[in-house]
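Single-structure report; data block below.
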Amino acid sequence: MSACVLSIANQKGGVGKTTIATNIISGFLHSKTNQVIDILEVDNNNVSNSLKSSTVVNFKSFNLLQGEDKIAEQLFKVLDGKNAVIDAGGGDDSLKVIEIVANLMMIDDSVFYIPFLKNKSGMKNVIQTYKAIRLHSESAKIVFVF
C-alpha cells in the first residue's frame with residue numbers, strides 16, 4: 001500500500017467524521033501497516049480533547065486560524081512514506097482541507113470519505129462536498145458513508 005491522504009470531509013457538522021477517522025480508518029490502516037497512524041484534526045469549531053495519541057494513533061489538532069501553510073507543512077511532514085488521516089471540520093473547514101490537499105499535489109492519490117445523514121440537508125452537503133473534490137480532481141477516490 002503506497003502512502004496516501006485519507007480525508008473525512010463534509011460541510012455539515014455532527015455526521016460522524018471524527019468517529020470514522022479515529023475508530024474505523026485509523027484502526028484498519030494500523031492493522032494493515034503496523035505503523036502508528038497520524039490523524040490531523042482540522043476544525044475551527046471543535047477540538048476533540050478526548051482523543052489522545054497512543055501506540056496506534058498520533059493525534060494532532062489544528063484550526064485554520066493557525067494558517068493553511070502550517071497545516072500543509074504538518075501534512076507534508078507526516079506523510080513521508082506513510083498514510084495520514086485528516087479529520088476535517090464542517091463548513092469551510094472541509095473545503096479548505098480539500099484545497100490544501102490539492103495544492104500539495106496529493107489529491108489524485110487521496111481517498112475522501114464523505115459521511116452523511118439520510119435527509120435532504122444531508123444530501124445537499126454531500127453534493128457540495130463531492131463537487132468541491134471534483135473541482136480539483138476527477139481521479140480522487142470518493143467513498144460515501146451512511
Evaluate the charge dipole of the chain about its Cα centre and quote only its size in Debye, nearest 20, assuming +1 on the Cβ of each Lys and Arg and -1 on the Cβ of each Asp and Glu. 560
State log₁₀ I(q)/I(0) for the chain at q = 0.13, 0.14, 0.16, 0.20 Å⁻¹ as given by the Debye formula over alpha-carbon point scatterers of equal weight, solvent excluded. -0.50, -0.58, -0.77, -1.26
Helix 120-136 vs. the chain, principal-axis angle (Cα, 0 to 90°, nearest 10): 60
Percent of accessible area on the chain owned by carbon and sulfur, 1.4 Å probe? 53
Between MET123 and ASP108, what is 0.36 nm times their sequence separation minus the Cα-Cα distance? Round to one decimal in nm. 3.0 nm
Quick check: the angle from helix 68-79's long axis to the longest principal axis of the chain, C-alpha only, nearest 10 degrees? 50
Per residue of the chain, what 222 nm ellipticity follows from adding -39500 (n - 2.57) for every DSSP H run with n ≥ 4, rounded to the nearest 500? -10500 deg cm²/dmol
Run the numbers for VAL56 and SER139: contour at 0.36 nm per residue of separation, minus the present Cα-Cα distance, in nm. 26.9 nm
Heads up, I need the accessible area for THR33: 1.4 angstrom probe, whole protein in place, Å², nearest 10. 40
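The values are calculated or read from the model by the stated rules, or taken from the named source; none is laboratory data. Please read all numbers here as calculations on a predicted model, not as lab measurements. Note that we place each Cβ from the backbone using ideal geometry, even for glycine, and neighbour counts take in every protein chain shown. In case anyone asks, the SASA skips ligands and DNA or RNA and just uses the protein heavy atoms, side chains included. Shrake-Rupley method; radii C 1.70, N 1.55, O 1.52, S 1.80 Å.
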